[in-house]
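Remarks on the structure that follows.
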Amino acid sequence: MATVAVSSISNVENLSPQIIRRVAKEMAELAAHPPEGIRVIMNEADVTDIQAVIEGPSGTPYTGGFFRVKLALGKDFPQGPPKAYFLTKIFHPNVAKNGEICVNTLKKDWKPDLGIQHILLTVKCLLIVPNPESALNEEAGKLLLESHDEYAERAKMMTEIHAQGGGKGSKAGLESCASTEAAGPLPKKHAGDKKLTAEKKKMLKDKKRTLKRL
């Protein structure tokens with residue numbers, strides 16, 4: 001899974017013990033009862049390191065992709081909204097090149113009682129209904145308005161390259177945060193699987209070359 005570099009500085013010292021307890025409780029509840037298509041990644045050493053994997057909603061160009069997101073809590077949280085980032089590269093009008101997400105819930109519509117689950121669900125909804133009017137990625141916003149098919153094809157290609165496939169993609173993303181799900185051992189790979197994997201890698205290389213030309 002290709003990722004965008006985002007600062008990982010801990011914010012524990014800047015938040016009150018009361019807020020840290022609230023965040024820890026929310027994360028534990030989300031891990032025990034995850035919303036559909038969302039799995040949080042627990043960091044016992046730093047509860048302010050809030051990360052999750054969001055499954056691309058069906059019926060969108062992001063279907064089949066698994067996108068890692070991070071919430072960065074400021075020292076004024078929860079009075080001020082956190083910043084949200086996609087760590088997995090994505091082609092979306094409301095996601096900047098550095099992964100920062102633009103959504104009203106984290107700006108003018110923010111309320112201190114909105115929880116982490118609400119934020120993650122809002123980000124997932126953004127994959128279903130992008131808002132080209134407040135685009136951080138102007139190219140994606142323009143494509144969405146002028147040629148939806150072209151936008152969808154580009155977004156789908158980026159999803160296939162960066163959010164799917166071999167050990168760094170979907171399976172790795174879900175396994176790292178699926179402690180609430182019982183899973184048996186993975187079946188051994190057969191020779192046919194290796195052949196398919198090689199073919200998929202070749203396809204992805206071809207798509208990467210196509211993207212570079214765009």
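The values are calculated or read from the model by the stated rules, or taken from the named source; none is laboratory data. No experiment lies behind these values; they were computed from the predicted model shown. Because the Cβ atoms are built from the backbone with ideal geometry, glycine has one as well, and the counts that use them run over all protein chains shown. What goes into the accessible areas is simple: the full protein's heavy atoms, side chains included, and nothing from ligands, DNA or RNA. Shrake-Rupley method; radii C 1.70, N 1.55, O 1.52, S 1.80 Å.
Some points to look at:
- Counting only helices (runs of 4 or more DSSP H) that sit completely within the stretch 89-197, those holding 2 or more residues that are modelled with pLDDT under 95 and among the aliphatic types (A, V, I, L, M) correspond to 170-175.
- Answer residue from the stretch 51-79, given it is buried (at least 18 other Cβ atoms within 10 Å of the Cβ) and of a type in the set (G, A, S) and is farthest from M158 (Cα to Cα) among those: A72
- Single residue of L106, L114, L121, L87 found to be within 21 Å of E160 (Cβ to Cβ) and either of a type in the set (D, E) or out of contact with any helix residue (DSSP H, G or I) (no Cβ under 6 Å at 6 or more places or on another chain) (or both): L87
- Of all residues in the stretch 105-129, those satisfying the criterion of being among the hydrophobic types (A, V, I, L, M, F, W, C) and in contact with a strand residue (DSSP E or B) (Cβ under 9 Å, 6 or more places away or on another chain) are L106, I116, I119, L120, L121, V123, L126, L127.
- Any hit, the stretch 25-33, residues being under 27 Å from A140 (Cα atoms) and touching a helix residue (DSSP H, G or I) at 6+ places or on another chain (Cβ under 7 Å): no
- Any chance G65 is closer than 26 Å to H148 by Cβ and touching a helix residue (DSSP H, G or I) at 6+ places or on another chain (Cβ under 9 Å): yes
- Here V103 qualifies as among the aliphatic types (A, V, I, L, M), surrounded by 16 or more Cβ atoms within 10 Å (Cβ to Cβ) and without any contact (Cβ under 8 Å) to a residue 60 or more places away in the chain.
- Hey, T48 of a type in the set (S, T, Y) and open to solvent by less than 20 Å² (accessible area, probe 1.4 Å) or not: yes
- Only listed residue being closer than 23 Å to S58 by Cα, touching a residue at least 60 places away in the same chain (Cβ under 8 Å) and open to solvent by less than 40 Å² (accessible area, probe 1.4 Å), chosen from L144, L87, L126: L87
- Looking at the stretch 19-73, none of the strands (runs of 3 or more DSSP E) lying wholly inside it contains 3 or more residues that are among the aromatic types (F, W, Y) and within 13 Å of the chain's Cα centre (by Cα).
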